[in-house]
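First up is the structure itself, then whatever we jot down about it.
The values are calculated or read from the model by the stated rules, or taken from the named source; none is laboratory data. As the structure is a prediction and not an experimental result, all values here were calculated from the model. Neighbour counts are summed over all protein chains in view; Cβ atoms, including those assigned to glycine, are modelled from backbone coordinates with ideal geometry.
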């Protein structure tokens, strides 16, 4: 490697580091460098088809959860409130239940988040392709189909720091 190539590489790394360091993210949100979002074709609990690939042009909040997951149970009401607070934004909310029956999901949501309309990954195959490192997991997909951010574990999505961050994605 020439001295010039090395200098260009070092400058590029410094610029990347300084851009990443200046970005202020809410607690638990991690930047992912534009990985292509895997396929996500599922029906919602009402049997209506959804395909992530056909919904480009705006940000998508893709959230994986299960009713048996304690952190998911705590987080679901805040997700429902967050959706209500952001109903005037272009952000699309995609809530994917992982490998449960419709009866289990319907009963659970009826108690904790009755207005959510989840996608049903009944066999868990879509979740397997997305490879969340546990539940709950959230991926923020940009208008071009690239994953730009990830959040692992539960959080209070309706808190001002998260709402402001998500509004800033529009």
| task | Return the total of residues in region 1-40 being modelled with pLDDT under 95 and outside any strand (DSSP E or B). | result | 24
| Of all residues in region 68-92, which are crowded, with 19+ Cβ neighbours inside 10 Å and outside any helix (DSSP H, G or I)? | 86
| message | Please determine whether any residue of region 65-79 is within 22 Å of residue 35 (Cα to Cα) and modelled with pLDDT of 95 or more. | response | yes
| Which residues, counting only those in region 41-67, are more than 14 Å from residue 109 (Cβ to Cβ), in a strand (DSSP E or B) and touching a residue at least 60 places away in the same chain (Cβ under 8 Å)? | 41, 42, 43, 50, 60, 61, 62, 64
| said: Take residue 127 and tell me if it is in contact with a strand residue (DSSP E or B) (Cβ under 9 Å, 6 or more places away or on another chain), buried (at least 19 other Cβ atoms within 10 Å of the Cβ) and within 20 Å of residue 141 (Cα to Cα). | reply: yes
| task | Being in contact (Cβ under 8 Å) with a residue 40 or more places away in the chain and under 25 Å from residue 170 (Cβ atoms) narrows it down to one of 121, 90, 115, so name that one. | result | 90
| query | residue 119 versus (1) buried (at least 16 other Cβ atoms within 10 Å of the Cβ); (2) more than 14 Å from the chain's Cα centre (by Cα): which is the lone unmet condition? | reply | (2)
| message | So, residue 147, is that one over 17 Å from residue 43 (Cβ atoms), over 12 Å from the mean Cα position of the chain (by Cα) and either in contact (Cβ under 8 Å) with a residue 24 or more places away in the chain or loosely packed, with under 13 Cβ neighbours inside 10 Å (or both) or not? | response | no
